[in-house]
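**Student:** Shown below is the structure under consideration.
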């Protein structure tokens, strides 16, 4: 089976954990569990030559399916899911309402708003990014910042080819840098949400769907937000420290773009918004540790302060206060 694995291109992520399969029936059943619209796969070179491997991870509203296979044909029905199919190796064709769309690595992706299709592919590796269309629309509007009242149409109901050329947007290059973090995070949803990967992926998909509108929003010079606007952002953060806070959340509530927020926080607090959030969470954790009673644990306090990974919390806390959180708690109990 190792030789078969070498004949398949690398996955977009999850190479260390994905298993190679030559059982078409088992593979089809597994795929239908994560992509329920798929009705049938047929190997184009015969069942004995069929090879496939895949891995799936969910991060909040995002579902990622990385897969690689020998040539197959596929039949899929209508689906409630909204998915962007991004090729990393090889080519595919999708026939929708009698029209053929060809998408291939380095050139273009395929956007599917749950539309039924048939298709074929070469030896390929691809990434399916399934998103929440309502969150995608809200993220795109938040990205426009003060220009959010301008015309924005992501055409979410229209199946189409999405060009991936760098001249249209840097989203594909950013995506390739982001995916290795999924492996580093051990594919744990809690770890990946802590890194804000679900928010970043919604932002990248939005840019891919509307580069003409959203890419210029990043190119504009940042405006100078008022002190009141930044105060509203910090008040929002303080009131939501126990919950996940994304850049899109801050854009949406403030009406400021991510770039403007970054510049404003650097000017006001000499750090990024994410760094400011972590500082406030560490301060909250310190206060709670110093006031803890005998029933409290480090893990419970970390979670209550918005830290989903105890090891990351302990490292950040120790770096800031010169002692581990468990040492602080032990000292308080002795005192």
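**Student:** Consider residue 157 against the criteria (1) at pLDDT 85 or above; (2) buried (at least 17 other Cβ atoms within 10 Å of the Cβ); (3) within 30 Å of residue 255 (Cβ to Cβ): it satisfies all of them except one. Which criterion is unmet?
**Tutor:** (2)
**Student:** Determine whether the stretch 34-46 contains at least one residue that is more than 16 Å from residue 127 (Cα to Cα), without any contact (Cβ under 8 Å) to a residue 12 or more places away in the chain and assigned by TED's automatic domain parsing to the domain that holds residue 159.
**Tutor:** Within the stretch 34-46, one or more residues are more than 16 Å from residue 127 (Cα to Cα), without any contact (Cβ under 8 Å) to a residue 12 or more places away in the chain and assigned by TED's automatic domain parsing to the domain that holds residue 159.
**Student:** Does the stretch 303-323 contain any residue that is surrounded by 15 or more Cβ atoms within 10 Å (Cβ to Cβ), at pLDDT 85 or above and on the phi > 0 side of the Ramachandran plot?
**Tutor:** Yes: the stretch 303-323 contains one or more residues that are surrounded by 15 or more Cβ atoms within 10 Å (Cβ to Cβ), at pLDDT 85 or above and on the phi > 0 side of the Ramachandran plot.
**Student:** Moving on. Within the stretch 212-229, which residues are buried (at least 19 other Cβ atoms within 10 Å of the Cβ) and modelled with pLDDT of 75 or more?
**Tutor:** Selection gives 213, 214.
**Student:** Just one of 264, 312, 258, 268 is under 24 Å from the mean Cα position of the chain (by Cα), more than 21 Å from residue 327 (Cβ to Cβ) and touching a residue at least 12 places away in the same chain (Cβ under 8 Å); which is it?
**Tutor:** Of 264, 312, 258, 268, the one residue that is under 24 Å from the mean Cα position of the chain (by Cα), more than 21 Å from residue 327 (Cβ to Cβ) and touching a residue at least 12 places away in the same chain (Cβ under 8 Å) is 258.
**Student:** Further, regarding this structure: Kindly provide the set of residues from the stretch 118-141 that are part of a loop (DSSP other than H, G, I, E, B) and under 23 Å from residue 41 (Cβ atoms), ordered by number.
**Tutor:** Those that are part of a loop (DSSP other than H, G, I, E, B) and under 23 Å from residue 41 (Cβ atoms): 122, 123.
**Student:** For residue 62, work out the one condition from (1) under 26 Å from residue 200 (Cβ atoms); (2) surrounded by fewer than 21 Cβ atoms within 10 Å (Cβ to Cβ); (3) in contact with a helix residue (DSSP H, G or I) (Cβ under 7 Å, 6 or more places away or on another chain) it doesn't fulfil.
**Tutor:** Of (1) under 26 Å from residue 200 (Cβ atoms); (2) surrounded by fewer than 21 Cβ atoms within 10 Å (Cβ to Cβ); (3) in contact with a helix residue (DSSP H, G or I) (Cβ under 7 Å, 6 or more places away or on another chain), only one is false for residue 62: (2).
**Student:** Where in the stretch 1-117 are there strands (runs of 3 or more DSSP E), lying fully within it, with 1 or more residues that are over 27 Å from residue 178 (Cα atoms) and out of contact with any strand residue (DSSP E or B) (no Cβ under 6 Å at 6 or more places or on another chain)?
**Tutor:** Details: elements: 19-21, 38-43, 52-59, 62-69, 72-76, 82-89, 91-96, 99-104, 108-112.
Strands (runs of 3 or more DSSP E) meeting the threshold: 99-104.
This table checks each residue for (1) surrounded by fewer than 16 Cβ atoms within 10 Å (Cβ to Cβ); (2) modelled with pLDDT of 80 or more; (3) in contact with a helix residue (DSSP H, G or I) (Cβ under 7 Å, 6 or more places away or on another chain); (4) more than 30 Å from residue 202 (Cα to Cα).
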site	(1), (2), (3), (4)
26	yes, yes, no, yes
33	yes, no, no, no
37	no, yes, no, no
46	yes, yes, no, yes
57	no, yes, yes, no
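**Student:** Kindly indicate which of 17, 56, 28 is without any contact (Cβ under 8 Å) to a residue 24 or more places away in the chain and either outside the structural domain of residue 94 (by TED's automatic domain parsing) or under 21 Å from the mean Cα position of the chain (by Cα) (or both).
**Tutor:** 56 is the lone residue from the list that is without any contact (Cβ under 8 Å) to a residue 24 or more places away in the chain and either outside the structural domain of residue 94 (by TED's automatic domain parsing) or under 21 Å from the mean Cα position of the chain (by Cα) (or both).
The values are calculated or read from the model by the stated rules, or taken from the named source; none is laboratory data. In this text the structure is predicted, and so the values were computed from the model without any measurement. Cβ coordinates were reconstructed from backbone atoms using ideal geometry, including for glycine residues, and neighbour counts include every protein chain displayed.
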